Each structure stands twice: as C-alpha cells, then as structure tokens.
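A short worksheet on the structure shown next.
The values are calculated or read from the model by the stated rules, or taken from the named source; none is laboratory data. Since the model is a prediction, treat every value here as computed from it, not as a measurement. When we count neighbours, we look across all protein chains shown, and the Cβ atoms used for this are built from the backbone with ideal geometry, even at glycine. The protein model used for the area step is the full one, side chains on, heavy atoms only, and it has no ligands, DNA or RNA in it. Shrake-Rupley method; radii C 1.70, N 1.55, O 1.52, S 1.80 Å.
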Amino acid sequence: MILFPAIDLKDGKCVRLKHGDMATATIYNDDPAAQAKAFEDQGFEWLHVVDLNGAFKGQSVNSAAVGAILKATKNPVQLGGGIRTLAQIEDWLDRGLARVILGTVAVRDPDLVKQACKEFPGKIAVGVDAKGGKVAVEGWAEASSLGVIELAQKFEGAGVAAIIYTDIDRDGVLTGINWDATIDLADAVSIPVIASGGLASIADVVRMTMPDAKKLEGAISGRALYDGRIDPAEALAVLQGAAMETRS
C-alpha cells in the first residue's frame, strides 16, 4: 500500500486547488524540485505530479518544473496533465518518468490508451476524475456522460498499470476520501486502483489498511500533508505496520 504525496503545478509553483478550481490555488512552495526532495527525505517512495496548466491547455506547460523534479528525486514519479499523444508519452518516459497518467484522452480516444499500454508496458495509468458520479475531462472543466465504472471497464485486459480515481467534489477540501465509491470501483475491475481526493487525516491512512481496501494500490495526499494534518512518519509507520502484519 503506497501513500503518494502530490505536487500540483501551476505557473511553475507547487499549489493545491479546491474542487479543481484554478482560481482557488494556494501556493505551498515556489520550488517544486525542493518539495520533491523533501518528500523523499520524509520517507515517501513515490511521487504524484499533475501539470494543472497542461490539463486545461491540452499540452505540457510546466515541463521545466517537472524536469527539475525528476533531477531532484530518486523516487519514481507519475505525471498527468495535458498528455494526449503517443509522442508526448514517449518523450516523458524517455525523460525519466516511471508512469504517465492519461485522463482526457482516455475518454476521447481509448484506443490510444490501449496502444500506449502495448508500446510502454507497465508505464500507463488512467486518471478517472468524477463529479457527481460522471467522468470529467479537460482539467475537470467539462463533464462527460460516462460513468466511472463504465470508463474503467473499457481498459480491462489492456495492460493499464493503475487507475487513479479522484472524487472532484472532495478534492482539496479535506472531507475524507470517498471510500465507498473507490472500493466499488476496485471491486468492479482487476486493474489496481489508487484513491485520490479529500484525504484528510491519519484516519484515512488507517482506513487504507482495512480488509476491504487492501486491494487498492494506495492513495494520494496533498493538502493534508502541506497543512500538517498528517505526520509523514506516523502515516508511513501505519502502512508499514499493516504490511508487516499481512506478511506474517
């Protein structure tokens, strides 16, 4: 079970939004590379990065900041936001990304996602971002008619490494992860699911260790880490302890 610290990039800075609204951005660090290194030093083993400007524009905008992050940390990094073509995917993987997250293109062109999974095995994740139970695209600015499980099941057997499920209504507002919807999704597909949106406290980390959640790959934390609501050492100890129990 992995706890993924999040770096959301807006105009080259590390920010957090509320409900995905760019107007609500709170700047937490002017130096995303330093933030990435800080997360590594705290003991985290992965990093989740989103190019917010890129998600809205449909192409990478904060590539310089992402490049600096890749140089600053030894941890594997997964990146989403504005990645829409095979050429862009290949370029990012060549630059050292461990995993590329495809969101809007998963709705618009699922065949491209399947092709990417064949060309880059184990390197492609799908971002499923939901508002009111329906999948949102274009940086969450547009709603689609697709349901969450309906979209996820399109990629069964395609080789998707993970599905990152975000409840937009909870994102950045510290109300707790939508565990019911997340676990329903995990039950409906064989692809590993990562929970995102609203992780609020150590109680959510403990919830990750419950039997019905153990099929998840992990969860993403943003504002709760930046605001000090979660102590990294305590959170990682909870997950490590649960892993040791599982093995024993």
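If R0 is 41 Å, what FRET efficiency do you get for MET244 and ALA34 from their C-beta distance, rounded to 0.05? Mind dumping the intermediate values first?
Numbers: r = 32 Å, r/R0 = 0.78.
It comes out at approximately 0.80.
Give me the percent of the accessible area of the range 2-238 that comes from carbon and sulfur atoms, probe 1.4 Å, all protein chains in place. Before the final figure, lay out the partial values.
Numbers: 4480 of 9320 Å².
So the carbon and sulfur contribution to the accessible surface is 48 percent.
Over the chain, what is the relative contact order in percent, taking alpha-carbon pairs closer than 8 angstrom and at least six residues apart? Show your work: numbers first, answer last.
Numbers: 542 pairs, mean separation 44.2, N = 248.
Once divided by the residue count of the chain, the mean separation gives 18 percent.
If you roll a 1.4 Å probe over the heavy atoms of the protein chains, what accessible area per residue do you get for the range 1-92, in Å²? All intermediate terms of the calculation are to be shown ahead of the outcome.
Values: 3760 Å² over 92 residues.
Here the residues of the range 1-92 average 41 Å² of exposed surface.
Please label the shape of the range 1-110 as rounded, prolate or oblate, based on the square roots a ≥ b ≥ c of the eigenvalues of the alpha-carbon gyration tensor (a/c under 1.5 means rounded; beyond that, a/b larger than b/c means prolate, else oblate).
Working: a/c = 1.63, a/b = 1.18, b/c = 1.37.
It is oblate, given that a/c is not under 1.5 and a/b is not larger than b/c.
Provide the descending list of Cα extents for the range 177-248 along its principal axes, expressed in whole angstroms.
34, 31, 15
Radius of gyration and Dmax for the range 2-238's Cα atoms, expressed in Å?
Calculated on Cα positions, Rg and Dmax stand at 16.0, 42 Å.
Under the definition of Cα pairs under 8 Å and six or more residues apart, what whole-number percent is the relative contact order of the range 1-91? All intermediate terms of the calculation are to be shown ahead of the outcome.
Numbers: 169 pairs, mean separation 27.7, N = 91.
After rounding, I find 30 percent.
Would you mind calculating the gained length between GLU119 and SER190 on full extension (0.36 nm times residue separation, minus the Cα-Cα distance), in nm to one decimal? Numbers along the way, then the final one.
Values: separation 71, 0.36 × 71 = 25.56 nm, distance 2.06 nm.
Result: 23.5 nm gained on full extension.
In what sequence, largest accessible area first, do SER201, SER190 appear using a 1.4 Å probe?
Working: SER201 40, SER190 95 Å².
Result, largest first: SER190, SER201.
Using just the helices of the chain, give the 222 nm mean residue ellipticity in deg cm²/dmol: DSSP H runs with n ≥ 4 each add -39,500 (n - 2.57), and the total is spread over all residues, rounded to 500.
Taken over the chain, the calculation gives -10000 deg cm²/dmol.
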